[in-house]
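The values are calculated or read from the model by the stated rules, or taken from the named source; none is laboratory data. The structure displayed is predicted, hence computed values, not measured ones. Neighbour counts run over all protein chains shown; Cβ positions are idealised from the backbone, glycine included.
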Amino acid sequence: MAVIKLIDAALRFQGEAGRFAYLAPLYKQAKAVAWDYLKHYARMIPETEINESELWVQFPNGARVRLFGADNPDSLRGLYLDGVVLDEVAQMKPEVWGEIVQPTLADRRGWALFIGTPKGINLFSDVYFSAVANDEWYAGLWGVYDTDALAPEEIEAQRQSMTEMQFAQEFLCDFGASSDNVLIPFTIATEACARVITLDQIAHAPRVVGVDVARQGGDRTVIFKRQGLQAFTPKVMIGADGMAVAAAVLQVIRDWEPDAVFIDGSGGYGAGVIDRLRQLNENPIEVQFGGKPLDGRMANKRTEMWWGMAEWVKGGGALPPGVPALLTDLCAPTYDYANSANKIALESKDKIRARINVSPDMGDALALTFAYPVAPRGINGARASASQSMNQDYDPYARLG
């Protein structure tokens, strides 16, 4: 299908020297999977030139289809493309699309087709979730029962010989089925996005804000509000300095009057925001991701917060719909016990970033709302102002008696 799509687009191209590409994770893989198909159909068209050494075919109108491998992405630099197929996207590094392939389409306003089998949370899942939420994109997902590609007895034989997770990934196109130690499975997260919570269900629950401050230029500062079972659409800031972040948090405090504001102070990135808010007579609560957890089973505070968030999602929490990046963040981290203390440890941010090309800032911000237990402040349900309701010597258990 993808090869026919490229040939059809090339033959219909009416501009000058159309260029189309088929990209597989490995150059040898592209040749093994697509080259015979491309030659077979191209030979049916008179006056088509076939180049065996460079793996391209050129049609009478000058349009060309060429094969590439993501293992040598630099071979695409400096080129322009009118259309590209990326096959088995889950096996490609995220920067191949964002930094190399996508710019080649800009000059000619070219198109891209992503195909493959899901393998957890990575570039493929990120593109798919984004396409589902964007009316300008098309996204399709077909499991084995949707295609009639295999006989029923063959499907059953495959199912009997595989684990449940393997079958779900390879035959049902389940993005969350690649690993048994994913903290928040994709299906659970998508169910939470569809969940509806009414205001009366959360009216008496505490209002909590989590703030994850960007560490690097490409990271996102995220301000996340949560009240009981409802998490609200986060505010995302890119490239904002500490003063701008503090101003944005202050606006949330003034408008929403939360009962607690938790800010990540790890590595000193949030320290300036915290200091500025305290200068303005607000008292945010600093949280160290590597700090000591309250739960002795956990390796650190970050693991404890994410674990609490996962239990909340599984227990009826509602996530804001229409935020595909949040799904990527929440479903990416894995956990294990591979540490000297034999405690539950969440996958590090650096490892997650290397796999999905972004830091899970949205997930961290929402997880911060589970840093400590919080109870509503005020008398008879009346909410005190934020500056009155928090103090610097905050005791998370003081009002839980």
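Filtering segment 245-290 to residues that are farther than 14 Å from K225 by Cα, part of a helix (DSSP H, G or I) and without any contact (Cβ under 8 Å) to a residue 40 or more places away in the chain leaves V245, A246, A247, S266, G268, A271, G272, I274, D275, R276, L277, Q279.
Here R19 passes the criteria (1) touching a Leu at 6+ places or on another chain (Cβ under 9 Å); (2) under 30 Å from V323 (Cβ atoms); (3) basic (K, R) except the one numbered (2). Taking L229 as the residue in question, decide whether it is in contact with a helix residue (DSSP H, G or I) (Cβ under 9 Å, 6 or more places away or on another chain), surrounded by 15 or more Cβ atoms within 10 Å (Cβ to Cβ), among the hydrophobic types (A, V, I, L, M, F, W, C) and modelled with pLDDT of 95 or more. Against the criterion (in contact with a helix residue (DSSP H, G or I) (Cβ under 9 Å, 6 or more places away or on another chain), surrounded by 15 or more Cβ atoms within 10 Å (Cβ to Cβ), among the hydrophobic types (A, V, I, L, M, F, W, C) and modelled with pLDDT of 95 or more), L229 qualifies. The criterion of being modelled with pLDDT of 95 or more, within 15 Å of the chain's Cα centre (by Cα) and either surrounded by 17 or more Cβ atoms within 10 Å (Cβ to Cβ) or not assigned by TED's automatic domain parsing to the domain that holds G239 (or both) does not hold for V182. The requirement of being more than 19 Å from the chain's Cα centre (by Cα), surrounded by fewer than 22 Cβ atoms within 10 Å (Cβ to Cβ) and among the hydroxyl-bearing types (S, T, Y) is satisfied by T198. Among the residues of segment 260-282, is there at least one that is closer than 18 Å to M309 by Cβ, touching a Ser or Thr at 6+ places or on another chain (Cβ under 6 Å) and charged (D, E, K, R)? No; the residues of segment 260-282 include none that is closer than 18 Å to M309 by Cβ, touching a Ser or Thr at 6+ places or on another chain (Cβ under 6 Å) and charged (D, E, K, R). Residues in segment 321-349 that are part of a loop (DSSP other than H, G, I, E, B) and closer than 19 Å to G290 by Cα: P333, Y337, A338, N339, S340, A341, N342, K343, E347, S348.
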